[in-house]
Amino acid sequence: MTIRLLLAAIWFYLVPLSAALPNSAVAATTAEAGAIETIEQIYSNLGVVDVMKLSMQQALINAPSMSNFTSAQKLKLAEITGITIGEQRPALLHKLAVANTGDLTAAQLQVILKISKIKYIQDAIAQGADPSRVADPKTMTAEESAFLDSVEKEQYILDFLARSANFDVVKPDMEAISTTIIERFVTWLSTQKS
């Protein structure tokens with residue numbers, strides 16, 4: 001399997017946060033601060049929390065219980081969702097990074113970090129929650145394309161990306177965030193004139 005095929009499969013996992021994800025214990029054997037910071041940067045570059053935010057916004061707005069709400073109320077709910085998840089972004093990135101450190105060397109992490117900076121890869125991840133983002137390989141420079149071709153079958157990269165699709169570690173956080181969002185939305189609704 002190549003990185004491009006795996007990315008296409010991963011974005012299916014990124015969209016439905018409530019989907020049943022494989023329960024694999026991911027041990028952080030290289031729990032060095034530098035490795036964790038690098039993985040946080042990788043996830044930030046890939047927009048993982050942004051995908052989670054968009055997925056939650058869509059899930060909340062399209063929930064059957066929201067069918068009687070106005071467009072303005074739904075927009076406010078989306079805004080509250082964005083703000084609330086944004087407040088938790090550093091904690092979510094950190095928790096995901098710690099859980100997915102694995103046994104990667106510093107050199108391997110630098111390769112994955114370089115991959116995460118490629119716009120085509122970022123778009124492929126984002127496309128899972130935002131279909132308006134088109135993952136077009138033509139956006140890659142010749143250097144980026146050659147680099148990706150040279151590393152795309154490396155097993156450690158494929159393993160890292162596969163582990164990264166497992167959000168079980170932040171599921172309790174996302175449930176707490178959902179509760180906060182609903183509380184804030186209800187509070188906002190109570191301040192609106194009937």
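The values are calculated or read from the model by the stated rules, or taken from the named source; none is laboratory data. Note that the coordinates shown come from a computational prediction; the quantities given were computed from them, not determined experimentally. Methodologically, a virtual Cβ is constructed for each residue, glycine included, from the backbone with ideal geometry; neighbour enumeration extends over all protein chains shown.
Taking the conditions (1) farther than 29 Å from E32 by Cα; (2) in a helix (DSSP H, G or I) in turn, G128 satisfies each one other than (2). Is it the case that region 163-181 has a residue that's more than 18 Å from M52 (Cα to Cα) and at pLDDT 85 or above? Within region 163-181 (the criterion being more than 18 Å from M52 (Cα to Cα) and at pLDDT 85 or above), the answer is no, since none of the residues qualifies.
For region 55-71, indicate whether the set of residues that are surrounded by 16 or more Cβ atoms within 10 Å (Cβ to Cβ) and within 12 Å of the chain's Cα centre (by Cα) is non-empty. Yes, because at least one residue in region 55-71 is surrounded by 16 or more Cβ atoms within 10 Å (Cβ to Cβ) and within 12 Å of the chain's Cα centre (by Cα). Taking the numbered list (1) outside any helix (DSSP H, G or I); (2) over 25 Å from L109 (Cα atoms) in turn, K153 passes all entries but (2). Residue count for region 137-162 satisfying the condition of being in contact with a Lys or Arg (Cβ under 9 Å, 6 or more places away or on another chain) and farther than 24 Å from N100 by Cα: 4.
In a helix (DSSP H, G or I), modelled with pLDDT of 90 or more, within 17 Å of T180 (Cα to Cα) and within 19 Å of the chain's Cα centre (by Cα): is that true of I39 in this structure? No: the conditions fail for I39.
Here region 112-125 is the region considered, the condition is being in a helix (DSSP H, G or I) and among the charged types (D, E, K, R), and the residue that is farthest from the chain's Cα centre (by Cα) is K114. Counting just the residues of region 89-118 that are surrounded by 15 or more Cβ atoms within 10 Å (Cβ to Cβ) and without any contact (Cβ under 8 Å) to a residue 60 or more places away in the chain, which one comes out farthest from E37 (Cα to Cα)? Across region 89-118, the extreme among qualifying residues is I118.
Listed by first and then second residue, the pairs linking a residue in region 66-86 that is within 10 Å of F185 (Cα to Cα) and free of Cβ contacts under 8 Å to residues at least 24 places away in the same chain to a residue that is surrounded by 18 or more Cβ atoms within 10 Å (Cβ to Cβ) and of a type outside the set (K, R), with Cβ atoms under 8 Å apart and 6 or more places separating them unless they lie on different chains, are A78/Q57; A78/L60. E143 passes every criterion in (1) over 17 Å from the mean Cα position of the chain (by Cα); (2) within 14 Å of M52 (Cα to Cα) apart from (2). Looking only at region 111-137, residues that are of a type in the set (S, T, N, Q) and under 10 Å from I42 (Cβ atoms) come to 1 in all. Is region 156-164 home to any residue that is of a type in the set (V, I, T), in contact (Cβ under 8 Å) with a residue 60 or more places away in the chain and either surrounded by 15 or more Cβ atoms within 10 Å (Cβ to Cβ) or closer than 30 Å to Q73 by Cα (or both)? The answer is yes; a qualifying residue exists.
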